[in-house]
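The values are calculated or read from the model by the stated rules, or taken from the named source; none is laboratory data. Treat the numbers as computed from the prediction; the structure is a model and nothing was measured. Glycine gets a Cβ as well: all are built from the backbone with ideal geometry, and neighbour counts include every protein chain shown. Only protein heavy atoms, including side chains, enter the accessible area calculation; ligands, DNA and RNA are left aside. Shrake-Rupley method; radii C 1.70, N 1.55, O 1.52, S 1.80 Å.
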Amino acid sequence: MIFFILKRLMQIVPVILGVTLVVFLIMQMVPGDSAVILAGEGASKETVEELREDLGLNKPLHEQYFSYIGNIFQGDLGHSLKNNQPVLEEIMIRLPITMELAFFSILITVVLGLIAGIISAVKPYSFSDIGVMLVALLGISLPSFWLGLLLMYIFSIKLQWLPVAGWDSMAHIVLPAITLGAGGAAIVARMTRSSMLEVVGQDYIRTARAKGLKEHVIIYKHALRNALIPVITVVGLQFGGLLGGTVLVESVFAINGLGRMIVDSIRTRDIPMVQGGVLVASLVFVFVNLLVDTLYRVFNKRIDLN
Amino acid sequence: MSNDVVLEVKNLKTHFISSKGIAKAVDGVDFVLRKGETLGIVGESGCGKSMTSLSILRLIPSPPGKIVDGEVLLNGKNLVTMPNAELRKIRGNRISMIFQEPMTSLNPVIPVGEQIAEALRLHQGLSKKAAWAKSVEMIGLVGIPSPEKRAKQEPFQLSGGMRQRVMIAMALACTPEVLIADEPTTALDVTIQAQILEIMKDLQRKIGMGIIFITHDLGVVAEMCDQVAVMYAGQIVEHQNTAELFKNPLHPYTQGLIGSLPKLYEDQDELQIIEGTVPSPYDYPEGCRFAERCPFARSICSEKQPDLIQYDEESKVRCWKYTNEWQVSLTKELVTT
Ligand SMILES: Nc1ncnc2c1ncn2[C@@H]1O[C@H](COP(=O)(O)OP(=O)(O)O)[C@@H](O)[C@H]1O
Ligand SMILES: [Mg+2]
């Protein structure tokens, strides 16, 4: 197990190289010149050139890239082009907010998804099953920004139960977390249902029944634990989509998180901020995947650990 | 052998109802099981052995399966009509089952010791600790070395033979009155099979339960069973004690089965194998279900279904050959030709 974790941690290095390279190249390809944007409208040619020189943007691309990489491994993500703040500091202000949002969203994905999936699977093709699965289908098909606006309209504007936007109290977390977690919850619900239905037909469930166990013990002790194994993988995959989703949801609810920071930085061609943001988001993703895979192995010991 | 009946099955009918029609998997099965006795149920695959055994504890997959008629009496109480809560107190406690598939019949994510202990806590009200201790004891009793260690392991860490021993330990933990073993050794290799059978016999002597032993292997029947019921197409066609059955098989189907056994000390020119195929449970013929394959079949056989009749005090057979009607139809045919 430790060997497995170490091996996975080693994979972080190529991830850093890959992500930075891709972001670096993309930012070079998109139209718009950082120096021009930064200098502001009506700035003279000389000012722009001076700025370019200061920022090192006139050096050859590979040189820019390698000096950036070298700095990363020393823990230096550079400075924002906009306000000259260290990128790492800017990220660290926003990362906890995004992590909090992601945490509550995944909580909703897991809890809501599991409950819905179990309700469906216990009585397949019943009224409750069909109802739950219809809602799940809706949850998968609705775009999250649309769902966000809809929820905001109903609960914040019409009913005035919850705040419209911002990030100050638990009440602020509710709508964004639901918006972000709903799609995943729907997928988890469907996965849980099909996985449960498969498990319930297995021989060992018949054995459990032959033992005289009560139906709820059979479902929660004998079936669910086996059914969860594939669900864990799905939750892990959802987390990737979730990080992407923060970009939209943070914009809709005006939350000052990492996702919105990246979007704003792309708009102003603040390359170090974009690179830093994407890099940190990728690292978070890698760590969560490692966590999920480790959990998966704990749950399913039959897998060869190597 | 004492004569008290533990389990009595009367006219049991389990049908599978689907868009394809009605499959009469079990179609009027009767037998009794006495205390401490082993009753073998033999027959080709698909003849309804498993569905008969699953019907006893109402474990058939439903839908599409349904017990449409009959009674299963445990010491006189009918399990077919019993409320679920009451039946649960019998399952795994007074009647236990062992299944054919040791690889898939244990829960893959629960330590085997716990899978035994949970039945003990449920039925005997043992504490967590006491149930675990008893569970370890049972694992030792079925001949698994270092039971403390094995009890904590999950099924994937055990061999097929060991898993089947765990199944036996689980089934016998609450000292049931009846053990139903559905082809318990079919999936195991021959040496392991012999060990498992030995353990079952040994524990039967200790616990004194009646065993319903399902198999398609007549060699295993000879070794294990006191009585034998031969099944064909959802029905019992012959019921005798084991020695008598091998010496004097009554039903042409049984004769065919025994004839197809390779005999060790006789020079045999060829293995006798019954020709033809089993009729579909969706569409049984009107007369005797074996008539099509039977070397003795006459016109009466395809016209009317024979009953399971008492041949002598101990034996029953479902065949026209042993009835008065047979003689009548024989003379009729002689007269007309
Ligand atoms: N789920 C099912 N749906 C329809 N028919 C079934 C089902 N399960 C079993 N049967 C029918 O029951 C018959 C008896 O099966 P079974 O008792 O398993 O035979 P065996 O004697 O080999 O144990 C089969 O021939 C099959 O037609
Ligand atoms: Mg079978």
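Here are the numbers:
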item: Top-ranked residue of region B:82-100 - restricted to ones that are over 17 Å from B:Thr52 (Cα atoms) and charged (D, E, K, R), ranked as most open to solvent (accessible area, probe 1.4 Å); result: B:Lys89
item: Residue among B:Pro83, B:Pro61 that is within 16 Å of ligand 2 (Cβ to nearest atom), within 14 Å of chain A (Cβ to nearest Cβ) and more than 15 Å from the chain's Cα centre (by Cα); result: B:Pro61
item: Count of residues meeting criterion [charged (D, E, K, R) and within 14 Å of chain A (Cβ to nearest Cβ)] in region B:127-167; result: 3
item: Which listed residue is away from chain B (no Cβ under 14 Å) and either at pLDDT below 90 or open to solvent by 40 Å² or more (accessible area, probe 1.4 Å) (or both), from A:Gly257, A:Gly240; result: A:Gly240
item: Residues (farther than 24 Å from A:Leu197 by Cβ and among the charged types (D, E, K, R)) located in region B:34-91; result: B:Arg34, B:Lys35, B:Glu37, B:Glu44, B:Lys49, B:Asp69, B:Glu71, B:Lys77, B:Glu86, B:Lys89
item: Hey, B:Lys77 open to solvent by less than 60 Å² (accessible area, probe 1.4 Å) and within 26 Å of A:His216 (Cβ to Cβ) or not; result: no
item: Helices (runs of 4 or more DSSP H) lying entirely in region A:42-122 (those with 2 or more residues that are in contact (Cβ under 8 Å) with a residue 24 or more places away in the chain and surrounded by 12 or more Cβ atoms within 10 Å (Cβ to Cβ)); result: A:61-72, A:87-122
item: Positions within region B:211-253 being open to solvent by 30 Å² or more (accessible area, probe 1.4 Å) and assigned to a loop (DSSP other than H, G, I, E, B), in sequence order; result: B:His216, B:Asp217, B:Asp226, B:Asn248
item: Helices (runs of 4 or more DSSP H) fully within region B:56-147 counting 2 or more residues that are basic (Lys, Arg); result: B:84-90, B:128-141
item: Breaking point among (1) open to solvent by 10 Å² or more (accessible area, probe 1.4 Å); (2) among the hydroxyl-bearing types (Ser, Thr, Tyr); (3) more than 8 Å from ligand 1 (Cβ to nearest atom), for B:Ser45; result: (3)
item: Residues of region B:48-58 classified as of a type outside the set (D, E, K, R), away from ligand 2 (no atom under 13 Å from the Cβ) and either open to solvent by 20 Å² or more (accessible area, probe 1.4 Å) or more than 20 Å from B:Glu177 (Cα to Cα) (or both), total; result: 0
item: Test: residue in region B:191-207 that is outside any helix (DSSP H, G or I) and open to solvent by 10 Å² or more (accessible area, probe 1.4 Å); result: no
item: Given (1) in a helix (DSSP H, G or I); (2) at pLDDT 90 or above; (3) closer than 30 Å to B:Leu122 by Cβ, index of the condition A:Pro230 fails; result: (2)
item: Selection status of B:Ile236, within 18 Å of B:Val317 (Cα to Cα) and at pLDDT below 90; result: no
item: Selection from region B:281-297 of residues that are touching a helix residue (DSSP H, G or I) at 6+ places or on another chain (Cβ under 6 Å) and in a loop (DSSP other than H, G, I, E, B); result: B:Gly287, B:Cys288, B:Phe290, B:Cys294, B:Phe296, B:Ala297
item: Any hit, region A:200-213, residues being touching a helix residue (DSSP H, G or I) at 6+ places or on another chain (Cβ under 7 Å), among the aliphatic types (A, V, I, L, M), at pLDDT 90 or above and not in a helix (DSSP H, G or I); result: yes
